[in-house]
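See structure below.
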Ligand SMILES: Cc1cc2nc3c(=O)[nH]c(=O)nc-3n(C[C@H](O)[C@H](O)[C@H](O)COP(=O)(O)O)c2cc1C
C-alpha cells in the first residue's frame with residue numbers, strides 16, 4: 001500500500017490543520033506525494049475504474065491575487081500554497097470511492113508529516129473544477145490544502161471548539177450487534193475491536209460521525225450504514241456523509257490489511273429490521 005509506518009499509528013496521529021507555513025512543499029516529500037496521488041495499483045471496495053477519476057496537486061502560485069480571494073475557503077485556511085484536488089465521473093458510488101481515496105492520500109500526507117484538512121463544504125467548486133479540467137460528467141466532491149502545518153491560530157481553535165473536533169461518539173452509539181437496538185461490546189471482539197476503533201477516530205464533515213456499523217451475531221460480518229441526517233443542516237451534510245462512509249471503509253480496510261485480517265467487501269443489503277431510514281452502503285465478510 002506504499003506506507004512505511006503503521007497505518008494505525010498514522011490514523012491516531014492525523015488531525016485537521018487550517019494554518020500553514022507559506023512555504024511550498026519541496027524535495028523528497030514533494031516527490032513522494034506527487035507519486036502517491038497517481039494511486040498506481042490502488043483500488044477500493046467500490047470498484048470504480050481508475051480511468052474515471054484523478055487527483056492532482058494544484059499550487060497556489062498558479063492563482064493570481066484576485067483568484068486567491070476566490071478560492072472560497074472564507075479565511076478558514078491560511079497560508080496553504082498547495083491543494084489536492086480530485087475529479088470523479090458521476091456514478092452511484094462516486095462519493096464513497098472518492099472519500100476512500102482522498103483519505104488514503106491524507107494518511108500518506110500525515111505519514112510525511114504534512115498537514116491537511118478535508119474541505120467538503122466551503123471552497124469554490126467551479127474554480128477548482130476548472131483548474132482540474134472537470135468535464136460536465138465529473139464532480140469535485142472535496143479538496144484539501146497540503147503543506148507544513150503551523151501553530152493553530154485563534155480562528156482555527158474556535159472552529160475546532162464549535163465542532164468539538166477532538167471528541168468522538170462513544171462506542172455504543174455507533175457499533176451494534178444484530179440490529180440497531182443492541183450495542184456492540186468491544187470486550188469479546190478480539191482483533192476486530194481495533195478495526196472499529198480506527199473507524200471511530202476518523203474525520204467526518206462537521207464531526208457528525210454518521211457511520212453506523214452492525215455486526216452479525218456470531219459471525220465476522222460487518223454492515224456499514226449512514227445514519228439519517230435530520231433537519232436543514234442534515235440536508236446540507238447529506239452528500240458529505242457519503243464521503244464520511246468512504247473514510248470509514250478506508251480505515252477498516254487498511255487496518256484489516258495491516259493486521260492480516262482477511263475478508264471480502266460486497267454490496268449486499270441484509271435488510272435488517274429497523275434500518276429502513278438508514279442508508280446501507282456496503283458489508284465486509286471475514287473469512
Ligand atoms: C467530508 C468532510 C468534509 C469536511 N469539510 C470541512 C470544511 O468544509 N471546512 C472545515 O473547516 N473542515 C471540514 N472538515 C473537517 C472536519 O471538521 C474535521 O475532520 C472534524 O471536525 C474532526 O476533526 P479532526 O479532523 O481534527 O479529527 C471536513 C471533514 C470531512 C471528513
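Of all residues being part of a loop (DSSP other than H, G, I, E, B) and over 18 Å from residue 88 (Cα atoms) in the range 139-155, which is farthest from the ligand (Cβ to nearest atom)? Just the residue, please. Steps first, answer last, please.
Applying the first criterion (part of a loop (DSSP other than H, G, I, E, B)) to the range 139-155 yields 140-142, 148, 150-153.
Still in the running and over 18 Å from residue 88 (Cα atoms): 148, 150-153.
Numbers: 148: 17, 150: 15, 151: 15, 152: 10, 153: 13 Å.
Once the filter is applied, the top-ranked residue is 148.
Check the range 199-214 and report whether any residue there is over 13 Å from residue 252 (Cβ atoms), part of a strand (DSSP E or B) and more than 15 Å from the ligand (Cβ to nearest atom). Explain how you work it out, then say what you get.
So in the range 199-214, the residues over 13 Å from residue 252 (Cβ atoms) come out as 203-210, 212, 214.
Cutting the leftovers down to part of a strand (DSSP E or B) gives us 212, 214.
Of the ones still in play, those that are also more than 15 Å from the ligand (Cβ to nearest atom) are 212, 214.
The answer is yes; a qualifying residue exists.
Which residue, of 174, 236, 247, is surrounded by 17 or more Cβ atoms within 10 Å (Cβ to Cβ), in contact (Cβ under 8 Å) with a residue 24 or more places away in the chain and within 27 Å of residue 48 (Cα to Cα)? Don't jump to the end; show me each part of the working.
Numbers: 174 fails: within 27 Å of residue 48 (Cα to Cα); 236 fails: surrounded by 17 or more Cβ atoms within 10 Å (Cβ to Cβ).
Answer to the selection: 247.
Quick test for you: out of 125, 168, pick the one residue that is in contact (Cβ under 8 Å) with a residue 12 or more places away in the chain and within 9 Å of the ligand (Cβ to nearest atom).
168
For the range 1-54, what are the residues that are under 20 Å from the mean Cα position of the chain (by Cα) and closer than 26 Å to residue 158 by Cα?
Correct list: 10, 11, 12, 13, 14, 15, 16, 17, 18, 19.
Name the single residue that is surrounded by the fewest Cβ atoms within 10 Å (Cβ to Cβ) among those in the range 92-121 being more than 15 Å from residue 145 (Cα to Cα) and touching a helix residue (DSSP H, G or I) at 6+ places or on another chain (Cβ under 7 Å). Don't jump to the end; show me each part of the working.
From the range 92-121, those more than 15 Å from residue 145 (Cα to Cα) are 92-101, 111; that's our starting set.
Among the residues that remain, those that are also touching a helix residue (DSSP H, G or I) at 6+ places or on another chain (Cβ under 7 Å) are: 95-100, 111.
Working: 95: 24, 96: 29, 97: 26, 98: 26, 99: 29, 100: 26, 111: 20.
That would be 111.
Hey, among the residues in the range 6-26 that are modelled with pLDDT under 95 and either under 17 Å from residue 250 (Cβ atoms) or surrounded by fewer than 15 Cβ atoms within 10 Å (Cβ to Cβ) (or both), which one's farthest from the ligand (Cβ to nearest atom)?
26
Conditions tested, residue by residue: (1) in the same structural domain as residue 41 (by TED's automatic domain parsing); (2) in a helix (DSSP H, G or I); (3) modelled with pLDDT under 95.
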residue	(1), (2), (3)
68	yes, yes, yes
76	yes, no, yes
87	yes, no, no
99	yes, yes, no
105	yes, yes, no
122	yes, no, yes
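The values are calculated or read from the model by the stated rules, or taken from the named source; none is laboratory data. Keep in mind the model is a prediction, meaning the values are calculated, not measured. Note that we place each Cβ from the backbone using ideal geometry, even for glycine, and neighbour counts take in every protein chain shown.
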